[in-house]
Structure formats: structure tokens, C-alpha cells
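*Asks:* Submitted below is the structure of interest, expressed as C-alpha cells.
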Protein chains: 2
Amino acid sequence: MTASSLPHVVIVGAGFGGLRAARRFSRLPVQVTLIDRQNYHLFQPLLYQVATAGVSAGEIAYPVRAVLRRQRNARFLLAEVTDLDLSNRRLLTTAGEVRYDVLILAMGGQTNFFGNATLARHALTLKTLQDAERIRDHVLRLFEHASRESNVEKRRAMLTFAVAGGGPSGVEMAGALSELIHGVLKRDFPGFDLSIARVILLEAADRLLPAMPPALQQATLQALHAKGVEVWLNAPVESYDGTLIRLKDGRQIPSRTLIWVTGIRAAGLAERIPAPRASNGRIRVQPTLQVPGYPEVFVIGDAAYLEDEHGNPLPMVAPVALQQADWAVANVQCLLEGKPLLPFRYRDPGMMATIGRNQAVARLGRFRLRGFLAWLMWVVVHIFQLIGFRNRLAVMLNWAWDYFLYDRALRLIEHPEEKPEERQLLV
Amino acid sequence: MTASSLPHVVIVGAGFGGLRAARRFSRLPVQVTLIDRQNYHLFQPLLYQVATAGVSAGEIAYPVRAVLRRQRNARFLLAEVTDLDLSNRRLLTTAGEVRYDVLILAMGGQTNFFGNATLARHALTLKTLQDAERIRDHVLRLFEHASRESNVEKRRAMLTFAVAGGGPSGVEMAGALSELIHGVLKRDFPGFDLSIARVILLEAADRLLPAMPPALQQATLQALHAKGVEVWLNAPVESYDGTLIRLKDGRQIPSRTLIWVTGIRAAGLAERIPAPRASNGRIRVQPTLQVPGYPEVFVIGDAAYLEDEHGNPLPMVAPVALQQADWAVANVQCLLEGKPLLPFRYRDPGMMATIGRNQAVARLGRFRLRGFLAWLMWVVVHIFQLIGFRNRLAVMLNWAWDYFLYDRALRLIEHPEEKPEERQLLV
């Protein structure tokens, strides 16, 4: 059997799900093409660390080609998928047409502004490396501007940092931001009164970390307070114009920074698939992860919508994507061998969120952890998962340095200032 | 004596000269303001490593505020100087007007295209972090494009990388680029024939490294050949349109890449100074480093023009800037104390250039070194000079990894493709 006669499996997206699936195919008699518009896999759980100058971009990104280098049946294509033609089993990409026998869509999610154009235009997001570096540059630049601003109201608005979203990303972002300000920048600006600097975490619902048990929600609140973060519950955002945040209840916050980490929706490509979609644009796949009517097309990760046995939607998190990747590969094998496919079953490994330098909360099965021990576990789990030994070493070194000396050498403003009009609009 | 009654010394530029001068003032009764348009000091000798995915941006850049943190008489201002008003002892900056009693101009150099607009538009430069990341993204992207290009002539042009300039920067860039291609990318693109890939070093004169003794020039040529770099001597560039390099003698090289590291001229700000200028726009300072007619204004580093005792211009290199910084600070002290100022004398510490992973040439006084020993010395000297212990550790780790495993984890394409029209024009 020649290579060209093997079934051609095309995987769209080199995130957690797509990359895992590609590697899982290594010993199967298929030819794999992995497509991504970036040439690297991004370790998204640590993006907030890049945004707060804790680690550098290179430490949480790893070239896809380096991962696939030894896998003889896989190739990588740097391209953006522009359209799908499922009837003819082909993709249109910026690098031309790609035909497939089996397609696995793992294109992930994008920030969800719930149709709010003011947020799409003015809020900062945290989905890509560029997003994270933009937040870092923006925050550091505001400190430089504020340090020479004589008008106290303007200075106050420059030093008010709002984070919208009380999930793990929002909690992590707010905690790390507060530590950057009160631990590091305070010493960088010795003559400058930083007591007016505020970090406000805005959450629309009445509690943080909804997937956590109430005791850990309470612990998170306390830990954030201790770090100087103001937590506003029942505070849904109505609009933002770049200088003033308006809440739905009429409250207003003058602020030059709103970091929007509250919503994820399926990537735009999902709209091109002729299948029913759930809230957030996710594709309602069959329990086998197949697209209804197209047995050779699978969707995994953030782009796929499935419910657990209690009727709750599966969360848009890495463990779901990884498990679905394994499952999809197994089902592709069944499909190629003419065996019946099996329905996906999610095994919830638990949930963790860090709250700065030495605090975290974790739920693992029946166990609940908090404080330093939870933080230590979070560090070990995340460093262990980082692809590439060098990355692990570099991140560990950075964190050890950070932890013991409480400094952040990475607070560089790397990119020129940009006007909001120059930003891409993704409503 | 209150702080405000101390003489105000303003230093423009946080490169080697400016930063050294700022630190040297720490124990003198002056108030120092250091101005730079970046918030970091850049270790320029390693820029070519960022451009060839060897080290990351954060490893060769260090926040100015972190350097000055413990220096009570210094403050940092993130701003660009837009004009000088020497008669009234004031600067105009993007952060407003700044008045001074003593001014030290250390704004450095910029790429010199010698008035050639086609080069300014289409050639890549290597002066800033953004330049280096642009080269890295460009080279990696060309490999991605070439790997799926069916037309062999186009593929050949995509994989022909020209470096113009046979000084240390050009030699280092060409050597590292060849190693990136033949050592690392070859393994990233397993099914792709890279034998057509070429690195061509173009030098207008008849030899490389003109400041080196002939034996080391010869050794450099041999080492470059061994690494697969083609060296073209007597090959001045006439023009470049983004796809075709024309030499003055009529030869043509179809290439998508021309990295221009052959000329440095004084930064644009030098033109605003009412003083005679030498070639390359450098200001002809008095032997005391003062601007004629303005005893309170000093110029150091690449922006200053002085000749040695043989009538040769001092080179635009870091050791000159560092020694002039020390000298300027001493002369400012003389000026403030009413003592006579002393003429600058340059003590040449020698010169080094690396040619890839394990080759270098060095001239130190009467000593000449080449091969692995010279390379080891180059590594030690450069890591030792890196500001910040963390940076030293990180770079050492990266290099050790690189050296022993011959991999480069940093080959990320971070920034979106850009059109040449979007680039700034600096002829």
C-alpha cells in the first residue's frame, strides 16, 4: 500500500484537540495533514502570564513542526481555512484547495462579545499571543503615561484596570495584574503614588468560578481581596467606549482598560458547516462527535456542542478537547474498519484556578484544595503539560526567579501604540 | 541643597552609552533624567540571534526602570525627542518639554541606505527588536510558502537569502542563518529538498571584517564556506525591488530576502543640532565630547564623530560608546566644578565576531584567536555583559540547549504578514 493510497485525514487547528489528534494517528494507516494559521501550538492556560509580564511568548508557544518532526505520516500546512465544501470533501484555504477522506475540525473558540460592538471595538481580549502582548504593552504604557499625568482624575482612570469575567481566566488575570502592580511596578516607579491604582473584577452573576464548590468560591473571593482586587458581583457590563465602563445597573467606572475574558464562542468557521448550532455558535455534533449527515466529519473541542448525562453542556476547556481528540481518533479507526462508532463520554478531571503567586483553588473528584498546596499542584500540572522540555525548563526558571525575587524582567513594551480603529472587529 | 536645586542632567537614549552614563552619575550631586522611546535597554550584539530564532526578545532586552530602580537621583521618561532647542536648553518630546542644565546625547544610530530608496523600501534591517522579529517571521514564512510552491524558480528565489555587509553583523547573521536552515529547518521539513537553499553574503569591498588582521579575514571566509555560506566579495548592491537584487557590476540574484547590515548613520535627531556633521550624519564633537559652541551639550556613541591619533574615525561600536559615557560623566563633573575638561582617548579592547555555533575570530591587542576557543570567549564575554542575572541565566540555558541538542524552540511566526508599503521609510 503506497502512502498516497492511505486515507487522508485532515485536521483543522493545532490547539489542544487538533495537535493531540494528529499525534494519536501516528501508528494508524492514514496520512494526516494538520492545518493551522499559526506555525505554533499555544499553551493557552498561561496566556495571562504573558499578559502580566510573567513569562515570555516563546515559553508558552511551540512550533508545530517540531512536535510532528518524527511522525512520518503527518505533515503541517500553515494556512487559514476560508471555506468548507463538505459535499465534495474539500477545504478551501489560503494555501489552495485541500481534499480529505476524513475531516476533524478542531478550530477552537474566539472571544464572544455577545453582539456588543462597543466591547468588540474597545475591550482587550486574551485568546492569542498578540492579545496577551497587547495587554502587557497597554498596561505598562499606561503606567508610563500616568506617572507624568498631572490631572488626578485622568491618572485615576489610567490606573483603573477592569477585568470582566469571573471564570478561571478572569480570576487569574485579575490576581496576576494586581501582583504586577503592587509587587513590581510599585518599585519601578519609586516616586509615584500607586495607591490610586485599582484592579476590578466584574462578574455578571452572583459568584465567581461557577463550576467550583461554594467553599472554594468563597476562598477565591477572600484571596482576591487579600491581593487588593475589588470583586464586583452582579455587575454585567452594558458598554465600553475606551474611557468609561457602563454597567447594566447604571454604575460607571472611568477606566482606560477593560479586559474581556467572559465569553468564548465557536470560531467563525463553524458557521460554514451545514449543521444545527447551539448557543455560542458551537456545532451540535452526534454523541460520536460526527456532524449529522457527514459521517466522515468530526468536530472536537470548543467548536463542538455536546451535553453530559445531566443535560449540561460540556465546558469549553482543554480536558474536553483532549479527551474528544482521543475519542475522535478511535472513532475514525472504527469508521475506516467498518466497525460501529462509540458515543463520547467525558471524564471530568476537576478544575483549578490560580490566584497569583501562592494561592490557588482546585477541585479534583471529591477533593478540594486551596491555598499554597493548590498553587503548587497548579504549577506542577501546568509545567508538566507544557510541550517541549526547553519550555518547561525556561518557565520553571522564570517562575522560580519570579517567586523568590518577586521581579519580572519581561515587562517590555514591544509594540507601537495602536488606535482602536486599527484593531480587527470580531463581534 | 534640595533635589530641585541640583543641576539637571538629561540623557537622550538608553543604549550602551546613555545607560552607562546614567548609572555613572549615581553618586554625583546631579538630578538625572534618562529619555528613551523604548522602555528597555537592548543588547544589540545579540539581535542576530533573535532574527535566527536562537534567543527570544525578552532575553536581550531589559527594562530601564529595573536598572535605575535603586538609583535615587535618576528618573526615566518614556518619550521620543522630537526637537532640540539648545539656545534655551530645552528638548521637545512626545511627553512635553524637558529643560536641562547639561545634555548628553546618546541617541545612537540607524540603518544607512546611502540614499537608496529601493533598499529603504524592500530590504530588511537589524537595528531594533521589531526588525529582528520581522526577519525571523519572514524567513520562517518563506520556508512554509516554498514547501508548497511547485514552480522551481519561485521556490529557488524564496530560499535564497542575501545578507549585505561583510562586517561583524553580516558575518554573524549569515553564519547563524545558514545554521538555522541546514541544521534545524532541514529537520522541520523532512520531505522537502532544501539543497536549493542558499545564503549569500554580499560585501562591496574585497574582504570581510576590514578591522581584522588578514589571517582572521581568511579564517572567517573559510569558516563561512564550511557552513555553506556563499561569500561574494567586490559585490556592491545597486538596487532591490523585493524579488531581484541587482549588483553594480550587472549581476542579478532572484531573492525574496535582502538583509541590509552594511551601514549605520547617526539617528535623525543629529540633524537638529546646529553643528558640523561628518559622513554618516555624525556630529563633529570637540575632543572633550562637547558640541562646539554649547559647552553643556555632550554627544557620545554612534552619534558622535571623533578621530583617533592616526586620523581614522572611531568605529560605531559599543566599546566606544561605553568609554565615551565614562568620559562624558567625568567631564560633566569637571564642568560643574569649574575644572578644565579632558580630551577623550579611546582604548581599543579588540574585536570579535562569531560565525555560528562553534566558530569565531577575535583580535585582542596583539592576540589573535580563532575557532572554538574564540567562540567560547565570545560567549563568555557576551553573557557576562548582559544586564540582569535572569537574562544571563536564560540566555545561557537557551544556548546550552541549542548547542547540545541543536534545536531552536523559538522559531515562531508571531506577527502577521505585512506589505512593504506598510513599512516606515528611512532612506
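*Asks:* Averaged over its residues, how many other protein chain Cβ atoms are within 10 Å of peptide A:129-135's Cβ atoms? Each step should come with its number before you reach the end.
*Replies:* Working: counts 3, 3, 0, 0, 3, 0, 0.
Average per residue, whole number: 1.
*Asks:* Dividing the convex hull volume of the alpha carbon atoms of the protein assembly as shown by its residue count, what do you get in Å³ per residue?
*Replies:* On the way: hull volume 143.0 nm³, N = 854.
Convex hull of Cα atoms, per residue: 167 Å³.
*Asks:* A further question on this structure: Give me the net charge for the shell around A:Glu271: Cβ to Cβ below 12 angstrom, other residues only, Lys and Arg +1, Asp and Glu -1. Write down the numbers at each step before the final one.
*Replies:* Numbers: positive: A:Arg265, A:Arg272, A:Arg277, A:Arg282; negative: A:Asp83.
Residues near A:Glu271 contribute +3 overall.
*Asks:* If you look at just the Cα atoms of the range A:20-129, how large are its Rg and its Dmax in Å?
*Replies:* 16.7, 50
*Asks:* When the Kirkwood radius is taken over all Cα pairs of the range A:95-182, what Stokes-Einstein diffusion coefficient follows at 37 °C and 0.692 mPa s, in µm²/s? Can you show the working numbers first?
*Replies:* Working: Rh = 16.1 Å.
The diffusion coefficient I find is 204 µm²/s.
*Asks:* Radius of gyration and Dmax for the range A:227-269's Cα atoms, expressed in Å?
*Replies:* Using the Cα atoms of the range A:227-269, the pair Rg, Dmax is 12.6, 40 Å.
*Asks:* Given only helices, namely DSSP H runs of n ≥ 4 each adding -39500 (n - 2.57), what is the per-residue ellipticity at 222 nm of chain B, to the nearest 500 deg cm²/dmol?
*Replies:* Working: 11 runs with 126 residues, N = 427.
Rounded to the nearest 500, it is -9000 deg cm²/dmol.
*Asks:* OK, next. Shape verdict for the range A:66-141, please, from the Cα gyration tensor: rounded (a/c under 1.5), prolate (a/b greater than b/c) or oblate. Before the final figure, lay out the partial values.
*Replies:* Working: a/c = 3.27, a/b = 1.68, b/c = 1.95.
It comes out oblate by the Cα gyration axes.
*Asks:* Follow-up. Over the range B:117-262, how many percent of alpha carbon pairs lie in each 5 Å bin up to the one with the longest distance?
*Replies:* 2, 10, 20, 23, 21, 15, 7, 2, 0, 0
*Asks:* How big is the gap, in Å, between the Cα center of the range B:145-185 and the Cα center of the range A:66-81?
*Replies:* Measuring centre to centre over Cα atoms gives 22 Å.
*Asks:* Right, something else. Quantify how strongly other chains surround peptide B:352-359 by giving the mean number of their Cβ atoms within 10 Å of each of its Cβ atoms.
*Replies:* For this peptide, the per-residue mean of nearby foreign Cβ atoms is 0.
*Asks:* For the range B:117-262, with all protein chains present and a 1.4 Å probe, just round the carbon and sulfur fraction of the accessible area to a whole percent.
*Replies:* Details: 2630 of 5280 Å².
Result for the range B:117-262: 50 percent of the exposed heavy-atom area is carbon or sulfur.
*Asks:* Indicate the gyration tensor shape class of chain A (rounded, prolate or oblate), computed on the Cα atoms with a ≥ b ≥ c the square roots of the eigenvalues: a/c under 1.5 is rounded; otherwise a/b larger than b/c is prolate and the rest oblate. Don't jump to the answer; show the numbers that get you there.
*Replies:* Numbers: a/c = 1.79, a/b = 1.76, b/c = 1.02.
Prolate, since a/c reaches 1.5 and a/b exceeds b/c.
*Asks:* What are the radius of gyration and Dmax of the range A:331-401, computed over its Cα atoms and given in Å?
*Replies:* 18.0, 54
*Asks:* Give me, ordered by chain and number, the residues 5 or more places off A:Leu124 or on other chains with an amide H under 5 Å from its own placed amide H.
*Replies:* A:Leu258, A:Ile259, A:Trp260
*Asks:* Take the Cα pairs of the range A:33-72, get the Kirkwood Rh, then feed it into Stokes-Einstein at 20 °C and 1.002 mPa s and tell me D in µm²/s. Don't skip to the answer; put the middle values down first.
*Replies:* Values: Rh = 11.2 Å.
This corresponds to a translational diffusion coefficient of 191 µm²/s.
*Asks:* For chain A, what are the DSSP H helices with axial Cα length of 15 Å or more and mean Kyte-Doolittle hydropathy of at least 1.6? Walk me through the intermediate numbers first.
*Replies:* Numbers: long enough: A:129-146 (25 Å, -0.61); A:168-179 (17 Å, 0.21); A:214-226 (18 Å, 0.20); A:318-337 (29 Å, 0.60); A:372-385 (20 Å, 1.82); A:389-405 (24 Å, 0.24).
Sorted by number, the helices that extend far enough and score high enough are A:372-385.
*Asks:* Next question, about the same structure. Could you state the accessible area per residue of the range B:117-262 in Å², with a 1.4 Å probe and every protein chain left in place?
*Replies:* Values: 5280 Å² over 146 residues.
Ligands and nucleic acids excluded, the result is 36 Å² per residue.
*Asks:* Pairs of Cα atoms under 8 Å, at least six residues apart: use those to get the relative contact order of chain A, whole percent.
*Replies:* Details: 841 pairs, mean separation 82.0, N = 427.
Relative contact order here is 19 percent.
*Asks:* Using only Cα atoms, what is the ratio of the radius of gyration of the range A:1-84 to 2.2 N^0.38 Å? Let's see the in-between values first.
*Replies:* On the way: Rg = 14.6 Å, N = 84, 2.2 N^0.38 = 11.8 Å.
The value comes to 1.23.
*Asks:* Name the residues whose placed amide hydrogens come within less than 5 Å of the amide hydrogen of B:Ile264, ignoring near sequence neighbours (fewer than 5 apart) on the same chain.
*Replies:* B:Asn112
*Asks:* Which residues belonging to the range A:75-104 lose at least 50 Å² of 1.4 Å-probe accessible area when the assembly is complete, relative to their chain isolated?
*Replies:* With the partner chains in place, the range A:75-104 has these residues losing at least 50 Å²: A:Leu78.
*Asks:* Moving on to the next point. Ordered by packing density, taken as the mean number of other Cβ atoms within 10 Å over each peptide's residues, highest first, how do B:265-275, A:164-174 rank? List each step's numbers first, then the result.
*Replies:* Numbers: B:265-275: 18.5, A:164-174: 26.3.
In decreasing order of mean packing, B:265-275, A:164-174 become A:164-174, B:265-275.
*Asks:* Looking at B:Ala226, B:His138, B:Met173, which one has the Cα that reaches farthest to the positive end of the dipole of the range B:117-262 (charges on Cβ: Lys, Arg +1; Asp, Glu -1)?
*Replies:* B:His138
*Asks:* Now, a different point. Could you put B:Ser26, B:Ser279 in order of accessible surface area, largest first, with the 1.4 Å probe and the full protein assembly present?
*Replies:* B:Ser279, B:Ser26
*Asks:* Then there is this: Go through the range A:232-238 residue by residue and turn each phi into a ³J(HN,Hα) via Karplus (6.51, -1.76, 1.60, θ = phi - 60°); whole Hz please, and just put x for glycine and proline.
*Replies:* 9, 8, 6, 10, x, 7, 8
*Asks:* Could you give the size of the charge dipole of the range B:117-262 about its Cα centre, using +1 on the Cβ of each K and R and -1 on the Cβ of each D and E, expressed in debye and rounded to the nearest 20? Write out the running numbers ahead of the final one.
*Replies:* Values: 18 positive and 16 negative charges, 41 e Å.
About 200 debye.
*Asks:* Taking the Cα centre of chain B as the origin, how large is its charge dipole in debye, to the nearest 20, when only Lys and Arg (+1) and Asp and Glu (-1) carry charge on their Cβ atoms? Could you put the intermediate results ahead of the total?
*Replies:* On the way: 50 positive and 39 negative charges, 175 e Å.
The dipole of chain B has a size of about 840 debye.
*Asks:* Kindly compute the accessible surface that chains B and A hide from a 1.4 Å probe when together, both sides summed, and give it to the nearest 100 Å².
*Replies:* Numbers: alone 19970 and 19950 Å², together 35810 Å².
Its buried surface, counting both partners, is about 4100 Å².
*Asks:* When you look at the Cβ of every residue in B:59-68, what mean number of other chain Cβ atoms sits within 10 Å? Let's see the in-between values first.
*Replies:* Details: counts 5, 0, 5, 4, 11, 1, 11, 7, 0, 2.
Mean number of neighbouring Cβ atoms from other chains: 5.
The values are calculated or read from the model by the stated rules, or taken from the named source; none is laboratory data. Since the model is a prediction, treat every value here as computed from it, not as a measurement. All Cβ positions, even for glycine, are placed from backbone atoms using ideal geometry, and neighbour counts span all protein chains on display. The accessibility values were calculated without ligands, DNA or RNA, using every heavy atom of the protein model including side chains. Shrake-Rupley method; radii C 1.70, N 1.55, O 1.52, S 1.80 Å.
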